[in-house]
1. Quick one: putting +1 on the C-beta of Lys and Arg, -1 on the C-beta of Asp and Glu, what dipole do you get for the chain around its Cα centre, in Debye to the nearest 20?
2. Select one label from (1) -0.26; (2) -0.47; (3) -0.40: the one whose number is log10 I(q)/I(0) by the Debye sum over Cα atoms at q = 0.10 Å⁻¹ as derived from the coordinates shown.
3. In the chain, which whole DSSP H runs stretch at least 20 Å along their own axis (Cα) and average 0.5 or higher on the Kyte-Doolittle scale?
4. Can you pull the one-decimal nm distance between simple spin-label points at L78 and L31, each 7 Å off the Cα toward Cβ?
5. If the cut-off is a Cα-Cα distance under 19 Å, which lysines reach K24, setting aside same-chain residues fewer than 8 apart in sequence?
Amino acid sequence: MSFGAIFEPIGRWLEATHLVEQIKGVDFPGLFTNPWFLVPFVALVGYLLYKQAFRDLIILGLLLGVWYVSGTPYMQSLVVGDELKMNKVLPVLFGGAAVLGLLIYLLLGRSD
């Protein structure tokens, strides 16, 4: 089984469901002022604080941070036309590597 054969059905599913467009179309400020999202989110954060699951809180914060940064105008300007701006990609690459390294350390590096 080849590498492409594994991810081809996933790619087709993502295209069929338009999941990427739906994630790009999320109204971030509107989401965090919507009580149907905010109440369970605050309950989750409160529960994680009560359980003193600081590792999980850090991971949740990192995921929210990556999601927020992916929608900034800086990220939208990485590709202009058909040209990739290398001077803008390198900081994103190193930032992503730092976040990934921190996630790996938190999940696999040490135990509580």
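Only the coordinates and a few stated rules stand behind these numbers; no lab work does. In this text the structure is predicted, and so the values were computed from the model without any measurement. Neighbour counts are summed over all protein chains in view; Cβ atoms, including those assigned to glycine, are modelled from backbone coordinates with ideal geometry.
1. On the way: 7 positive and 8 negative charges, 69 e Å.
Value, rounded to 20: 340 debye.
2. Checking each listed value against the structure points to (2).
3. On the way: long enough: 3-17 (22 Å, 0.43); 35-50 (22 Å, 1.76); 54-69 (22 Å, 1.76); 86-104 (27 Å, 1.80).
Long hydrophobic helices here: 35-50, 54-69, 86-104.
4. Once both label points are built, they end up 1.7 nm from each other.
5. none
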